[in-house]
Amino acid sequence: MVTGFLFYWVVMTGVAGVIRAQTGIVLDPFKFNLVMLWAPAALISLGGLAGVVPALKAYRTDVAEHLVPIS
(Lines give C-alpha, C1' and ligand atoms only; values in the text may rest on other atoms or scores of the structure.)
Protein backbone atom coordinates (compact mmCIF):
# COMPACT_ATOMS: atom_id res chain seq x y z
CA MET A 1 0.00 0.00 0.00
CA VAL A 2 2.88 2.35 0.69
CA THR A 3 4.16 1.75 -2.85
CA GLY A 4 0.66 2.39 -4.16
CA PHE A 5 0.45 5.73 -2.35
CA LEU A 6 3.90 6.68 -3.66
CA PHE A 7 2.78 5.84 -7.19
CA TYR A 8 -0.42 7.86 -6.63
CA TRP A 9 1.62 10.85 -5.45
CA VAL A 10 3.94 10.77 -8.48
CA VAL A 11 1.16 10.32 -11.04
CA MET A 12 -1.26 12.83 -9.52
CA THR A 13 1.42 15.47 -9.13
CA GLY A 14 2.23 15.19 -12.84
CA VAL A 15 -1.39 15.00 -13.95
CA ALA A 16 -2.43 17.96 -11.81
CA GLY A 17 0.33 20.05 -13.38
CA VAL A 18 -0.70 19.11 -16.92
CA ILE A 19 -4.40 19.77 -16.27
CA ARG A 20 -3.61 23.14 -14.70
CA ALA A 21 -1.40 24.13 -17.65
CA GLN A 22 -3.89 23.06 -20.33
CA THR A 23 -7.24 24.00 -18.79
CA GLY A 24 -6.52 26.31 -15.86
CA ILE A 25 -8.33 23.98 -13.44
CA VAL A 26 -6.41 23.43 -10.23
CA LEU A 27 -6.58 19.96 -8.70
CA ASP A 28 -5.47 19.26 -5.14
CA PRO A 29 -4.52 15.56 -5.08
CA PHE A 30 -3.51 15.78 -1.41
CA LYS A 31 -6.89 16.97 -0.12
CA PHE A 32 -8.26 14.48 2.42
CA ASN A 33 -10.79 12.03 1.08
CA LEU A 34 -12.31 9.17 3.06
CA VAL A 35 -11.75 6.71 0.20
CA MET A 36 -8.00 6.97 0.86
CA LEU A 37 -8.62 5.23 4.19
CA TRP A 38 -11.23 2.59 3.42
CA ALA A 39 -10.00 1.50 -0.03
CA PRO A 40 -6.61 0.14 1.16
CA ALA A 41 -8.29 -1.56 4.12
CA ALA A 42 -10.87 -3.13 1.81
CA LEU A 43 -8.21 -4.38 -0.62
CA ILE A 44 -6.13 -5.90 2.17
CA SER A 45 -9.24 -7.61 3.59
CA LEU A 46 -10.22 -8.90 0.15
CA GLY A 47 -6.72 -10.30 -0.34
CA GLY A 48 -6.96 -12.05 3.03
CA LEU A 49 -10.33 -13.55 2.15
CA ALA A 50 -8.96 -14.78 -1.18
CA GLY A 51 -6.47 -16.94 0.70
CA VAL A 52 -8.99 -18.57 3.04
CA VAL A 53 -10.43 -21.16 0.62
CA PRO A 54 -7.04 -22.47 -0.61
CA ALA A 55 -5.79 -22.55 2.98
CA LEU A 56 -8.79 -24.59 4.14
CA LYS A 57 -8.37 -26.99 1.22
CA ALA A 58 -4.67 -27.43 1.98
CA TYR A 59 -5.41 -27.96 5.66
CA ARG A 60 -7.88 -30.77 4.88
CA THR A 61 -5.52 -32.58 2.47
CA ASP A 62 -4.01 -35.80 3.83
CA VAL A 63 -0.29 -35.36 3.25
CA ALA A 64 0.61 -39.03 3.82
CA GLU A 65 -1.83 -40.11 1.11
CA HIS A 66 -0.09 -37.92 -1.47
CA LEU A 67 3.41 -39.10 -0.51
CA VAL A 68 2.71 -42.73 -1.49
CA PRO A 69 4.01 -43.65 -4.98
CA ILE A 70 1.26 -44.15 -7.56
CA SER A 71 2.91 -47.09 -9.36
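Output the helices (runs of 4 or more DSSP H) that fall wholly within the range 26-71 and possess 2 or more residues being more than 30 Å from V11 (Cα to Cα) and either in contact with a helix residue (DSSP H, G or I) (Cβ under 7 Å, 6 or more places away or on another chain) or at pLDDT 90 or above (or both), or say none. Quick ask: steps written out before the conclusion?
On the way: elements: 35-50, 52-60, 63-67.
The helices (runs of 4 or more DSSP H) meeting that bar are 52-60.
Return the residues of the range 24-67 that are open to solvent by 90 Å² or more (accessible area, probe 1.4 Å) and over 22 Å from T3 (Cα atoms); say none if nothing qualifies.
Once the filter is applied, which keeps residues that are open to solvent by 90 Å² or more (accessible area, probe 1.4 Å) and over 22 Å from T3 (Cα atoms), the range 24-67 yields I25, V26, V53, K57, Y59, R60, V63, E65, H66, L67.
Give me the pairs: first residue in the range 1-24 and within 26 Å of W38 (Cβ to Cβ), second residue assigned to a helix (DSSP H, G or I) and open to solvent by 90 Å² or more (accessible area, probe 1.4 Å), beta-carbon distance under 9 Å, and six or more apart or on different chains, which are they?
M1/L43; M1/I44; G4/L43
The values are calculated or read from the model by the stated rules, or taken from the named source; none is laboratory data. As the structure is a prediction and not an experimental result, all values here were calculated from the model. Here Cβ is always computed from backbone atoms with ideal geometry, including for glycine, and neighbour counts include all displayed protein chains. Please note that ligands, DNA and RNA were not included when accessible areas were found on the heavy atoms of the full protein model with its side chains. Shrake-Rupley method; radii C 1.70, N 1.55, O 1.52, S 1.80 Å.
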